[in-house]
């Protein structure tokens with residue numbers, strides 16, 4: 001069984017048709033070779049009347065692709081499958097459950113709709129693109145390190161299915177708003193570093209904030225509950241106007257005093273109440289409707 005939970009039944013000889021090579025799996029074929037030089041490709045849904053269910057590791061990386069059509073039969077996309085091309089858009093089939101490490105990194109993608117079949121988004125999967133809009137469905141339970149690092153995303157809603165936000169997963173973007181659900185317990189190193197966040201509400205479920213997780217933003221306030229018991233070094237570095245809103249006697253209060261960050265007390269300080277507002281996360285209606293359909 002491979003990393004995607006697919007039972008392998010492999011032929012010793014790769015089946016080849018045209019520029020493509022195919023490897024037999026239990027439930028269909030995986031593309032495991034591409035020798036062409038076309039800038040625009042359409043992948044057929046079947047080979048020998050059997051569905052093509054997967055795109056293998058590194059099959060199309062560094063191929064100069066500008067356009068690719070992935071068939072609806074595909075259920076997984078391997079590591080670095082389309083890494084380092086010139087793709088500006090991609091339609092991920094509605095049966096895909098896993099998107100591998102670096103699968104679409106170093107492209108020119110500007111928008112992305114992830115289907116509700118997807119459960120895991122690998123490390124660096126969409127790193128270094130030009131994404132401005134991303135909709136992440138509730139089916140996703142894992143978003144890897146650097147998954148959306150170095151894009152142009154302005155707003156993101158983390159689904160309730162996520163429990164950890166990993167290292168650099170949304171760093172180096174243009175985020176002005178983010179919604180973190182009550183399911184999240186850990187926000188790891190650099191998770192939202194180098195964005196344009198002005199305020200953040202950390203839900204009571206969160207116990208740990210990693211090093212520099214919100215550094216290099218424009219934070220005016222951060223609201224921290226009693227559940228936070230560990231805040232890493234420089235978690236809020238380079239936010240000169242920051243105020244921490246928390247309760248008296250909390251770990252957050254001790255942290256703010258230790259790091260010389262002004263502290264406002266929730267429920268007792270009228271000023272803190274005036275600061276608190278729901279983050280402004282704008283997901284365009286067209287994108288939402290496309291996701292629902």
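The values are calculated or read from the model by the stated rules, or taken from the named source; none is laboratory data. Only a predicted model underlies this, so the values are computations on that prediction, with no experimental measurement involved. Note that each Cβ is placed from the backbone with ideal geometry, even for glycine, and that neighbours are counted across all protein chains shown.
Taking the stated definitions as given, is residue 197 assigned to a loop (DSSP other than H, G, I, E, B), farther than 19 Å from residue 223 by Cβ and either outside the structural domain of residue 126 (by the TED database) or within 16 Å of the chain's Cα centre (by Cα) (or both)? When the stated conditions are applied, residue 197 does not pass them. For the stretch 151-161, the condition holds for no residue, the condition being that it is modelled with pLDDT of 95 or more, in a loop (DSSP other than H, G, I, E, B) and within 23 Å of residue 233 (Cα to Cα). When residue 206 is tested against the conditions (1) under 29 Å from the mean Cα position of the chain (by Cα); (2) at pLDDT 95 or above; (3) more than 19 Å from residue 156 (Cα to Cα), the lone failure is (3). Of all the numbered requirements in (1) within 10 Å of the chain's Cα centre (by Cα); (2) over 22 Å from residue 96 (Cβ atoms), residue 143 misses one, and that requirement is (2).
Cβ-Cβ contacts under 6 Å between residues 6 or more apart (or on different chains), taken from a first residue in the stretch 247-267 that is in the same structural domain as residue 219 (by the TED database) and within 15 Å of residue 231 (Cα to Cα) to a second residue that is surrounded by fewer than 16 Cβ atoms within 10 Å (Cβ to Cβ) and modelled with pLDDT under 95, are listed as 250/226. Against the condition out of contact with any strand residue (DSSP E or B) (no Cβ under 8 Å at 6 or more places or on another chain), surrounded by fewer than 22 Cβ atoms within 10 Å (Cβ to Cβ) and without any contact (Cβ under 8 Å) to a residue 12 or more places away in the chain, how does residue 237 come out, does it pass? No.
Every residue, every condition in (1) at pLDDT 95 or above; (2) farther than 21 Å from residue 104 by Cβ; (3) not in a strand (DSSP E or B); (4) not assigned by the TED database to the domain that holds residue 115, yes or no:
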| residue | (1), (2), (3), (4) |
| --- | --- |
| 22 | no, yes, no, no |
| 51 | yes, yes, no, no |
| 54 | yes, no, no, no |
| 60 | yes, no, yes, no |
| 64 | yes, no, yes, no |
